[in-house]
Amino acid sequence: MLRLLGLGALSAALLAGPALAGKPDAEQRLAQFEKTGKTVTCLSPPMIDDITPLSDTQFLVRVGVSQYYLNETHGKCSGAASSFNRLQYTIHGGMLCENQIVTIVDNSTQMPGGACALGVFQELKKKPAEEKPVQP
């Protein structure tokens with residue numbers, strides 16, 4: 001099954017990469033989370049709601065409403081974080097797994113560009129919101 005990201009509900013997140021002004025960079029975005037130390041090698045595509053390239057080597061994967069994973073790719077996915085590109089991958093065996101190849105496709109020309117292999121999916125936990133002091 002060929003899976004294109006950048007269509008439907010995923011398009012806004014993928015097309016509006018950190019290259020756009022006002023978007024937080026990878027470090028700022030990841031500062032909202034802490035690693036739990038748990039990893040998985042595969043995720044079921046129907047469970048994946050969003051894959052946001054934070055950089056050419058880091059993808060933030062949202063599963064459901066509040067579950068997140070960080071995927072640090074094996075090698076650089078040149079152009080992944082560009083708002084002019086989208087991610088494309090093929091599902092083998094019904095799962096998106098470590099070492100599967102992700103291709104970067106130019107939205108205007110439909111030409112493939114860079115490609116890289118996925119790493120393990122590192123579970124993230126959102127940090128609690130900082131409490132603001134109550135003013136009397």
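Here are the numbers for the structure shown:
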item: 15 Å beta-carbon shell around THR39, net charge (K/R +1, D/E -1); result: -1
item: For the stretch 97-103, 3J(HN,Hα) per residue [Karplus equation, 6.51 cos²θ - 1.76 cosθ + 1.60, θ = phi - 60°, Hz, x = Gly/Pro]; result: 10, 3, 6, 6, 8, 10, 10
item: Spacing of the two label points (7 Å from each Cα toward its C-beta) at THR90 and ASP49, in nm; result: 3.1 nm
item: Per principal axis, descending, Cα span of the stretch 47-136 in whole Å; result: 60, 30, 21
item: Ascending count of other beta-carbon atoms within 10 Å, so fewest first, for PHE84, PHE33, PHE59; result: PHE84, PHE33, PHE59
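Just so you know, all these numbers are worked out from the coordinates, no wet-lab data involved. What you are looking at is a predicted structure, and each value in this text was computed from that prediction instead of being measured. As a convention, Cβ positions derive from the backbone with ideal geometry for all residues, glycine included, and neighbour counts pool all protein chains shown.
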